[in-house]
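Here is the structure we will look at, set down as structure tokens.
The values are calculated or read from the model by the stated rules, or taken from the named source; none is laboratory data. These figures come from a predicted structure and were not determined experimentally. Cβ placement follows ideal geometry from the backbone for every residue including glycine, while neighbour counts extend to all protein chains displayed. SASA here: full protein model, heavy atoms, side chains in, ligands and nucleic acids out. Shrake-Rupley method; radii C 1.70, N 1.55, O 1.52, S 1.80 Å.
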Amino acid sequence: MEKKTYYVSLQGRSLLEDQGATGYEWEIRATPEEADMIRHMLEQIDEKEVSTFFAYTFPWPDSPEEDVNASYQSQVDELYRQIYKLGTEETREQLHRSLRISPGMVEGEGEEV
């Protein structure tokens with residue numbers, strides 16, 4: 001299937017085809033199915049963020065902060081790996097510089113992001 005260019009914003013929880021529609025952090029080339037996967041991941045991150053907010057607002061004494069953050073961070077790390085995998089050369093270079101993501105990490109061979 002043919003790949004198109006999409007613009008991803010983790011901060012804005014968006015994946016758009018129109019570069020000028022809103023601000024974005026990353027540019028990727030993806031099939032419609034891959035784009036749907038990224039959209040779903042962004043939705044999951046948004047849901048995790050809301051649940052994490054409530055966990056901090058109404059904390060349980062037996063829930064360590066690391067446990068509350070682990071699920072959210074895991075989703076964010078996976079999204080960054082997918083963005084790296086689908087990203088343009090410039091996107092990959094930016095992710096490598098800012099988050100130290102490398103090809104081995106995308107294939108599941110490296111450390112967490």
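Odds and ends about this structure:
- Complete set of residues in region 25-40 that are in contact with a Leu (Cβ under 7 Å, 6 or more places away or on another chain) and within 20 Å of GLU89 (Cβ to Cβ): GLU25, ILE28, ARG29, ALA30, GLU34, ALA35, ILE38
- When each of GLU49, GLU33 is tested for being at pLDDT below 95, open to solvent by 70 Å² or more (accessible area, probe 1.4 Å) and part of a helix (DSSP H, G or I), the lone residue that passes is GLU49.
- In the set (1) at pLDDT 95 or above; (2) surrounded by 12 or more Cβ atoms within 10 Å (Cβ to Cβ); (3) of a type in the set (D, E, K, R), the condition left unmet by GLU89 is number (2).
- Qualifying positions in region 52-81 - at pLDDT 90 or above and open to solvent by less than 30 Å² (accessible area, probe 1.4 Å): VAL76, ASP77, LEU79
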